[in-house]
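Presented below is the structure to which this report refers.
The values are calculated or read from the model by the stated rules, or taken from the named source; none is laboratory data. The structure presented is a predicted model; accordingly, all values stated were derived computationally and were not measured. Cβ coordinates were reconstructed from backbone atoms using ideal geometry, including for glycine residues, and neighbour counts include every protein chain displayed. With ligands, DNA and RNA removed, areas are computed over all heavy atoms of the protein, side chains included. Shrake-Rupley method; radii C 1.70, N 1.55, O 1.52, S 1.80 Å.
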Amino acid sequence: MNPFKLNNPPKNPSGFTVPEGYFESFSVRLQHQLKEETPAKPISFWSKHAKTFYGMAAVLVIGLGIGMVWHWEVQKEEEAHWSAIASYVSENTDLTEEHYLELIELQNLEVPLTSDTEAEVLEEMLLENETLEYSITQ
C-alpha cells in the first residue's frame, strides 16, 4: 500500500465544477425568476381548520343525540311511574280525581320557614287552605 501524504493534493478531481461566469450572472437570473413567479395564493382559515370544525360538529351532534335519548327515556319512566300511581289510587282507594289533584297541589306547596315567622306562616297556610288541615289530620 502507498503511504498517505497530507501535503500532496489529491490526484482525482472532486467532480463538482462551476461553469464560467455563473456567479457573475446569478443575481440577474434570480431577479428574472422572481419576477416571473406568480404570487402565492393565501390559505383560507376554513380550509386550514376544516377537519377541526367537522370534528367539533360531530361531537356536538353526538352529545345532543345522547342527551335527547336520555331525556326521552327519563320521560317514559316518569310517565310509567305516574300511570302506576294513578292506577293504584283508582283501584285501591275511593278518592275522586278532584281530591287526588288537591293532594298533589298540597304536596307542591312551598312553605318558607324562618325562625321568626314560622308560626305565623303556618297559621296563614292553615287558614287559606282548608284541605291542608284535613290532609294533616288524616
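Odds and ends about this structure:
- Filter result (open to solvent by 80 Å² or more (accessible area, probe 1.4 Å) and not charged (D, E, K, R)) within the range 65-74: I66, M68, W70, H71, W72
- Verdict on A80 being among the aliphatic types (A, V, I, L, M), closer than 30 Å to E97 by Cα and at pLDDT below 85: yes
- Flag for L103 being in a helix (DSSP H, G or I), open to solvent by 60 Å² or more (accessible area, probe 1.4 Å), on the phi < 0 side of the Ramachandran plot and at pLDDT 70 or above: no
- Sole residue being in a helix (DSSP H, G or I) and at pLDDT below 75, chosen from L126, L95, L113: L126
- Tally of residues being open to solvent by 100 Å² or more (accessible area, probe 1.4 Å), modelled with pLDDT of 80 or more and aromatic (F, W, Y) across the range 5-43: 1
- Test: residue in the range 44-64 that is of a type in the set (D, E, K, R), at pLDDT 80 or above and either closer than 30 Å to E130 by Cβ or exposed (fewer than 10 other Cβ atoms within 10 Å of the Cβ) (or both): yes
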